[in-house]
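Worksheet: one structure, shown below.
The values are calculated or read from the model by the stated rules, or taken from the named source; none is laboratory data. Keep in mind it's a predicted model, so treat the numbers as computed, not measured. Reconstructed Cβ throughout: ideal geometry from the backbone, glycine too, with neighbour counts over all protein chains shown.
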Amino acid sequence: MTATATEAPVLEVEDLEVDFISGDKVTYVLEGVSLEVRRGEAIGIVGESGSGKSVLARTILGIRPRGTVVDIRGAVRVSGKDQLAASDGEIRSRAGSLASMIYQDPMRSLNPTVRVWKQIVEAVTNRRRVPAKDAQAHAVDLLRQVGVPDPEARAMAYPGEFSGGMLQRVGIAAAIAAHPDVLLADEPTTALDVTVQRRVLDLLEQVRAESGMGLVLVTHDLGLLADRTDRTVVMYAGRVMETGPTSIVASTPAHPYTKGLLAAIPRLTGPVQRELPAIGGSLPPLSAPRAGCPFAARCPVAQDRCATQRPPAVAVADGHTAHCWAVADEQEATK
Ligand SMILES: Nc1ncnc2c1ncn2[C@@H]1O[C@H](COP(=O)(O)OP(=O)(O)O)[C@@H](O)[C@H]1O
Ligand SMILES: [Mg+2]
């Protein structure tokens with residue numbers, strides 16, 4: 001968490017819109033998402049399940065869904081390179097070197113029948129020929145770096161021989177093997193118990209600090225982001241609701257949705273809460289573009305126009321923005 005505003009962005013997302021088309025059914029998942037990550041910076045993306053966080057992460061990586069037509073508008077650049085116009089071949093050859101991802105369930109992204117060392121260095125060996133001995137040594141180094149004990153022996157093991165927490169470390173080793181400019185972690189700890197969660201997040205922070213890459217931590221739990229990210233982007237129903245320094249968003253949120261999220265942070269010992277008891281209701285259907293503010297129907301301070309007019313981006317403070325009519329009124333009143 002040391003980035004300065006003078007550094008060039010490693011990730012730029014501009015007004016990104018993603019629709020999935022299946023027959024005559026259209027799902028409008030992302031509706032104009034913009035964000036930026038600078039070198040060495042860690043940002044959090046937080047929002048309820050179904051908000052489009054994973055679709056956003058996959059679109060940034062250049063992964064297109066199979067078997068679905070997808071219509072993407074806007075721009076995604078990683079270190080200045082267009083991720084949307086790139087061919088599948090280009091995306092594959094870039095794989096892991098520009099942007100790479102750590103998944104929620106590493107077991108699903110790893111092949112159970114292949115020794116882990118081969119999978120860790122796959123992104124590197126796919127792009128260029130590397131002698132097996134060197135590739136294996138690189139994998140052992142990475143395992144050591146992510147804190148897997150006895151890395152020489154563990155490199156030869158299969159995924160099924162690891163605990164959940166250790167397997168997530170293998171996933172992190174694979175994601176950083178090709179020195180990505182941006183590392184995306186999509187709910188990397190939800191399957192883990194609280195102590196292991198914390199260790200994995202500490203490890204990500206350490207890796208980020210050592211490598212200088214940008215880190216995007218995706219979660220439905222705002223409480224996880226404090227002290228681990230410089231800035232937070234709050235998403236709801238495919239839109240950015242609020243963005244600002246994490247410490248400020250988490251302590252004095254401006255948007256009514258963020259206030260609700262904060263009130264719903266699960267206790268550390270309790271079960272993960274999927275709904276927001278503090279707000280009630282659920283996400284609007286994504287089968288139509290959202291008119292006005294997507295949160296209007298659940299919002300305690302909604303006005304008539306919230307249902308029909310898209311809220312403006314309101315600058316609450318330097319680097320702190322909320323998309324909300326009520327916040328716009330408050331700002332107007334204090335002028
Ligand atoms: N391939 C797809 N085809 C159609 N709809 C999809 C596809 N992938 C995701 N979606 C829809 O996009 C919405 C957002 O999903 P997702 O990005 O997984 O949310 P989050 O990660 O925030 O929980 C969901 O309504 C989901 O059903
Ligand atoms: Mg998700």
Practice prompt. Return yes or no: is GLY32 within 16 Å of ligand 2 (Cβ to nearest atom), modelled with pLDDT of 90 or more and either in contact with a Pro (Cβ under 7 Å, 6 or more places away or on another chain) or more than 24 Å from LEU204 (Cα to Cα) (or both)?
Written response: no
Practice prompt. Output the number of residues of region 205-223 satisfying the condition of being outside any helix (DSSP H, G or I) and touching a strand residue (DSSP E or B) at 6+ places or on another chain (Cβ under 8 Å).
Written response: 9
Discussion item. Any residue at all in region 313-325 that's modelled with pLDDT of 90 or more, hydroxyl-bearing (Ser, Thr, Tyr) and under 25 Å from GLY40 (Cβ atoms)?
Written reply: yes
Item to complete: Grab the helices (runs of 4 or more DSSP H) fully contained in region 120-199, keeping just those with 2 or more residues being under 30 Å from ARG77 (Cβ atoms) and β-branched (Val, Ile, Thr).
Response: 122-125, 164-176
Discussion item. Checking the condition within 14 Å of ligand 1 (Cβ to nearest atom) and crowded, with 20+ Cβ neighbours inside 10 Å, which residue from LEU35, LEU30, LEU11 passes?
Written reply: LEU30
Worksheet item: Is region 109-126 home to any residue that is hydrophobic (A, V, I, L, M, F, W, C), surrounded by 21 or more Cβ atoms within 10 Å (Cβ to Cβ) and free of Cβ contacts under 8 Å to residues at least 40 places away in the same chain?
Response: yes
Response to the item:
Within region 80-108, of all residues that are within 16 Å of ligand 1 (Cβ to nearest atom) and at pLDDT 90 or above, the one surrounded by the fewest Cβ atoms within 10 Å (Cβ to Cβ) is MET101
Worksheet, complete the sentence: The residue from ARG73, ARG77, ARG64 that alone is more than 24 Å from SER282 (Cα to Cα), within 11 Å of ligand 1 (Cβ to nearest atom) and outside any helix (DSSP H, G or I) is ARG64
Worksheet item: Just one of the numbered conditions (1) more than 12 Å from GLY44 (Cα to Cα); (2) in contact (Cβ under 8 Å) with a residue 40 or more places away in the chain; (3) out of contact with any strand residue (DSSP E or B) (no Cβ under 9 Å at 6 or more places or on another chain) is not true of ASP193; which one?
Response: (2)
Response to the item:
Taking region 42-79 and keeping only residues that are within 16 Å of ligand 2 (Cβ to nearest atom), surrounded by fewer than 19 Cβ atoms within 10 Å (Cβ to Cβ) and among the charged types (D, E, K, R), one is left with ARG58
Fill in: Within region 214-223, tally of residues that are more than 11 Å from the chain's Cα centre (by Cα) and crowded, with 23+ Cβ neighbours inside 10 Å
1
Worksheet, complete the sentence: Here the qualifying pairs (Cβ atoms under 9 Å; residues six or more apart or on different chains; first in region 76-102 and at positive phi; second of a type in the set (Gly, Ala, Ser)) come out as SER79/ALA8; SER79/ALA99; GLY80/ALA8; GLY96/ALA123; GLY96/ALA174; GLY96/ALA175; GLY96/ALA177; GLY96/ALA178
Worksheet item: In this structure, does SER97 turn out to be touching a Lys or Arg at 6+ places or on another chain (Cβ under 9 Å), in a loop (DSSP other than H, G, I, E, B), within 16 Å of ligand 2 (Cβ to nearest atom) and closer than 26 Å to ARG231 by Cα?
Response: no
